[in-house]
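Written below as structure tokens is the structure these notes are about.
The values are calculated or read from the model by the stated rules, or taken from the named source; none is laboratory data. Quantities reported herein were computed from a predicted structural model and do not represent experimental measurements. Counting neighbours? That spans all protein chains shown, and the Cβs are built from the backbone with ideal geometry, glycine included.
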Amino acid sequence: MNIEKKVTELVEEKIADMPHLFLVDVKMHSNGKLIVLVDGDNGIGIADCATISRHVGFHLEEDNVIEEAYNLEVSSPGIDTPLVLKRQYAKNIGRTLAIKMDDGTKREGELLIAGDDEITIAEIIKEKGKKAETVESTIPTDKITETKVLISFK
């Protein structure tokens, strides 16, 4: 069985009784680092990460899934990690996003609505010689190649 698939099953099994948490990604790197990214509707704490890590680690060892040495890291996605799930968009309503489109253009704006197939942002449009204006723009999610949350230190 694929290691990433087995780890996904183990994480899903553990968070089944933690409905506020959701799995974002599982990656096994060639250097032996196994990274599990878990998030929550209101974030995720260290205790939750530790609980998931113990569960996954125990079963990987018990079933001897990985024969070589590995390093298991369970954490929340970092601020530089792109959003990949619709649930991540929903938890970031009100925050400013940097969006790369499939045509190569970039857009930026405050996330207002996170729907199933599209998002709505308030983006500032600046045209040369004109005053900047804020416009609500609806963007189909299938046209987005990458979305990151921008941090503001205001």
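What the table shows:
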{"quantity": "Test: residue in segment 64-71 that is in a strand (DSSP E or B), in contact with a Ser or Thr (Cβ under 8 Å, 6 or more places away or on another chain) and either surrounded by 14 or more Cβ atoms within 10 Å (Cβ to Cβ) or not assigned by TED's automatic domain parsing to the domain that holds Thr120 (or both)", "calculated": "no"}
{"quantity": "Failed criterion for Ile35 (all others in (1) farther than 19 Å from Gln88 by Cβ; (2) in contact (Cβ under 8 Å) with a residue 24 or more places away in the chain; (3) not acidic (Asp, Glu) hold)", "calculated": "(1)"}
{"quantity": "Filtered residue count, segment 115-135, keeping only those that are at pLDDT below 95 and not in a loop (DSSP other than H, G, I, E, B)", "calculated": "6"}
{"quantity": "Residue list for segment 81-91, restricted to those being outside any loop (DSSP other than H, G, I, E, B), buried (at least 16 other Cβ atoms within 10 Å of the Cβ) and not aromatic (Phe, Trp, Tyr)", "calculated": "Gln88, Lys91"}
{"quantity": "Condition met for Ala122 (among the small types (Gly, Ala, Ser), out of contact with any Cys (no Cβ under 9 Å at 6 or more places or on another chain) and surrounded by 15 or more Cβ atoms within 10 Å (Cβ to Cβ))", "calculated": "no"}
{"quantity": "Contacts under 9 angstrom Cβ, first residue in segment 10-23 being of a type in the set (Asp, Glu), partner in a strand (DSSP E or B), 6 or more apart", "calculated": "Glu12/Leu23"}
{"quantity": "Residues located in segment 1-51, provided they are among the basic types (Lys, Arg) and within 15 Å of Ser76 (Cα to Cα)", "calculated": "Lys27"}
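The rows are residues; the columns are (1) outside any loop (DSSP other than H, G, I, E, B); (2) crowded, with 17+ Cβ neighbours inside 10 Å; (3) modelled with pLDDT under 95.
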{"site": "Glu4", "(1), (2), (3)": "yes, no, yes"}
{"site": "Thr8", "(1), (2), (3)": "yes, no, no"}
{"site": "Asp17", "(1), (2), (3)": "no, no, yes"}
{"site": "Val26", "(1), (2), (3)": "yes, yes, no"}
{"site": "Cys49", "(1), (2), (3)": "yes, yes, no"}
{"site": "His55", "(1), (2), (3)": "yes, no, no"}
{"site": "Ile79", "(1), (2), (3)": "no, no, yes"}
